[in-house]
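Working notes, beginning with the structure itself.
The values are calculated or read from the model by the stated rules, or taken from the named source; none is laboratory data. Just so you know, these numbers come straight off a predicted model, no measurement behind them. Positions of Cβ are generated from backbone atoms using ideal geometry, with glycine treated the same way; all protein chains shown enter the neighbour counts.
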Amino acid sequence: MDMDKLVSLCKRRGFLFQSSEIYGGLNGFWDYGPLGVELKRNIKEAWWQDMVRGHDELSTPAGAPEAYEMTGLDCTIIMHPQVWKVSGHYDLFCDMMVDCKETKKRYRFDQLRGRWVVAKGKRVFITTLAEAEQETEDLEKRALKAFNLRGKDAASLSWEEKSMSLDQVDDLANVFAPEAKEIGTLTEPREFNLMFKTIVGAMGTEEDAAFLRPETAQGIFVNFKNVLDSTRVKVPFGIAQIGKSFRNEITPRNFTFRSREFEQMEIEFFCHPNASRKWYEYWRDRRMKWYTDLGLAGERLVMREHAADELSHYSVGTADIEYAFPFLPEGEFGELEGIAHRGDFDLRSHMEGKLVKNAEGCLEVEMIPVEGKPDKLRPKHRGSGRDLTYRDEVTNEKFVPHVIEPSSGADRATLAFLCEAYHEDQAPDENGELQTRVVMRFHPRIAPIKAAVFPLVKKDGLPEIAQEIYRKLKAKFSAFYDEKGAVGRRYRRQDEAGTPYCITVDGQTLTDGTVTIRDRDTLEQWRVKVADVVEEISKRVM
């Protein structure tokens, strides 16, 4: 699929716009248009319905160790700064960045890609900002520039290995940075904290500093005891949250895939330590099935278990659900969702202080010397001191629950469904001639518009009948009314919007009280009585 075509469609049809576009835009920020906001909202609604509201706590779901409960939260974006110090984000939530001394541009160390090339007896690593499909051509142009060669000399370039990321390169002295004119202009990599800093209160001093949350999870952890005390939930149970998070990405890129403002759909599932492995496997498999049920299927969707050296210091297991986005090099996948076994790290951290792994591989509170008394130690970041343990009312056992965290990006999910939905095929126009048709094949549950209603002509009482059908549909879900232009063009507009069903009121409606329903994907048409239209569409899209 051509990513440029999808980006063009998203703007033309109102799925996505660049934020503040009339002022030149702001990199890493995106606005959802009329169709986009419906699509993203439907995805979030499907997630909330399937994971929380529609959950049956009286029955044991397939694959689950036992029955469980689900509830929800909506926490603030700005929290007490100590939350981020204890969680580790203040010290560790960093990316490595490099600067180009010549162009003054800044890049994320692991996102610059390139290849080694040899010419004139010198070996240089050529980098580029081009997307996968243009990368080879762009690298050649950059290499010719680096060695001061002409296009006719391209055959003298001797390329080594496949494309690789810059963080795999040992020596930056021979790197040709993007947009640079000289070789070796990149600085050594250094840490860059990704949290957005802000000020709370009127004084504006450093003591008033706070942060926009980089994830929604910590709001759930600090409210763990509040949920227990205010409800009757018992372990095992999950707390879900949908909300905005912010990360000051060094180089936001690839449309909405890596943005500075994004929305997360997260669950923190609390369970007994002895059952945590089974719960991890349950949530890993269930979340994968959720995507396939909504239309992400085939070889473009995979689940990847993290190797031991990829795991966080507190995790005993993590799996990523990944999708082969069109802007990635062939064979590469981008993360849609991570399902992590977090152990008791988070609750213990907020009780005791920031945890680190000791020489024996166990988590303990990080200690530092007391100022002026180097022989004495104190916690680097103190926890709340609150008791966040759980007591089983039946067995009287007291323990710190283990946590399984399925963490999904609503924006990345939306982007994946957009990529998966985009199709081009050949379909007859109103004159019977085959034309290229762009169609967004969304699953009906997440389609921005569920049905469109057309009167064939604007006379003979057809608009009045069509409007009455539209009003009845609109009372149940999103619908669209259109009486402008040839019916074939109206079909094309709805195909691009991803509307699964179109309803046409025509002359036969006046004689037998039926209308035509057209299927977006198969182009099949059938007739239904006017009185049955709402029920017919409802059973197909709900």
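Restricting attention to the stretch 88-102, the residues that are of a type in the set (Asp, Glu) and either assigned to a helix (DSSP H, G or I) or out of contact with any Lys or Arg (no Cβ under 9 Å at 6 or more places or on another chain) (or both) add up to 1. Taking Glu69 as the residue in question, decide whether it is surrounded by 15 or more Cβ atoms within 10 Å (Cβ to Cβ), closer than 30 Å to Pro273 by Cβ and touching a residue at least 40 places away in the same chain (Cβ under 8 Å). Here the answer is yes, as Glu69 does meet what is asked. Please tell me if Ala177 is among the small types (Gly, Ala, Ser), in the same structural domain as Asn148 (by TED's automatic domain parsing) and closer than 30 Å to Phe109 by Cβ. So Ala177 passes the test. Only one entry in Arg284, Arg260 is over 25 Å from Ser349 (Cβ atoms) and assigned by TED's automatic domain parsing to the domain that holds Leu363, namely Arg260. Among the residues of the stretch 325-335, those identified as out of contact with any Leu (no Cβ under 8 Å at 6 or more places or on another chain) and either at pLDDT 95 or above or surrounded by fewer than 19 Cβ atoms within 10 Å (Cβ to Cβ) (or both) are Leu328, Pro329, Glu330, Gly331, Glu332, Phe333, Glu335.
Yes or no: His423 within 25 Å of Leu301 (Cβ to Cβ) and either in contact (Cβ under 8 Å) with a residue 60 or more places away in the chain or surrounded by 20 or more Cβ atoms within 10 Å (Cβ to Cβ) (or both)? Judged against the criteria, His423 is not a match.
Being of a type outside the set (Asp, Glu), in a helix (DSSP H, G or I) and within 22 Å of Arg284 (Cα to Cα) is the filter here; which residues of the stretch 3-58 pass it? Ile43, Lys44, Ala46, Trp47, Trp48, Gln49, Met51, Val52, Arg53 - these are the residues of the stretch 3-58 that are of a type outside the set (Asp, Glu), in a helix (DSSP H, G or I) and within 22 Å of Arg284 (Cα to Cα). Among residues of the stretch 157-168 that are under 13 Å from Gln111 (Cβ atoms) and in contact (Cβ under 8 Å) with a residue 24 or more places away in the chain, those with a Cβ under 6 angstrom from a residue that is of a type in the set (Lys, Arg) and in a strand (DSSP E or B), sequence gap 6+ or separate chain, pair up as Ser163/Arg113; Ser163/Arg115; Ser165/Arg113.
Put simply, of Glu281, Glu266 the only residue that is touching a Ser or Thr at 6+ places or on another chain (Cβ under 8 Å) and either within 24 Å of Thr318 (Cβ to Cβ) or surrounded by fewer than 17 Cβ atoms within 10 Å (Cβ to Cβ) (or both) is Glu266. Counting only residues that are closer than 16 Å to Trp116 by Cα and crowded, with 16+ Cβ neighbours inside 10 Å, the stretch 175-185 holds 5 of them.
Scanning the stretch 61-103 for residues that are in contact with a His (Cβ under 9 Å, 6 or more places away or on another chain), more than 22 Å from Arg382 (Cβ to Cβ) and among the hydrophobic types (A, V, I, L, M, F, W, C) yields a single hit, Met70. From the list Ile368, Ile404, Ile446, the one residue that fits, being crowded, with 19+ Cβ neighbours inside 10 Å and in a strand (DSSP E or B), is Ile404.
Condition check ((1) touching a residue at least 12 places away in the same chain (Cβ under 8 Å); (2) of a type outside the set (S, T, N, Q); (3) in the same structural domain as Phe325 (by TED's automatic domain parsing)) across all residues:
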residue: Gly204; (1), (2), (3): no, yes, yes
residue: Gln218; (1), (2), (3): yes, no, yes
residue: Gln241; (1), (2), (3): yes, no, yes
residue: Arg247; (1), (2), (3): yes, yes, yes
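Can you confirm whether Phe237 is in the same structural domain as Glu268 (by TED's automatic domain parsing), of a type outside the set (Ser, Thr, Tyr), touching a Phe, Trp or Tyr at 6+ places or on another chain (Cβ under 8 Å) and farther than 30 Å from Ser259 by Cβ? Taking the combined requirement at face value, the residue satisfies it.
Filtering the stretch 155-214 to residues that are of a type in the set (Asp, Glu) and over 21 Å from Lys120 (Cβ atoms) leaves Asp167, Asp170, Glu179, Glu188, Glu191, Glu206, Glu207, Asp208.
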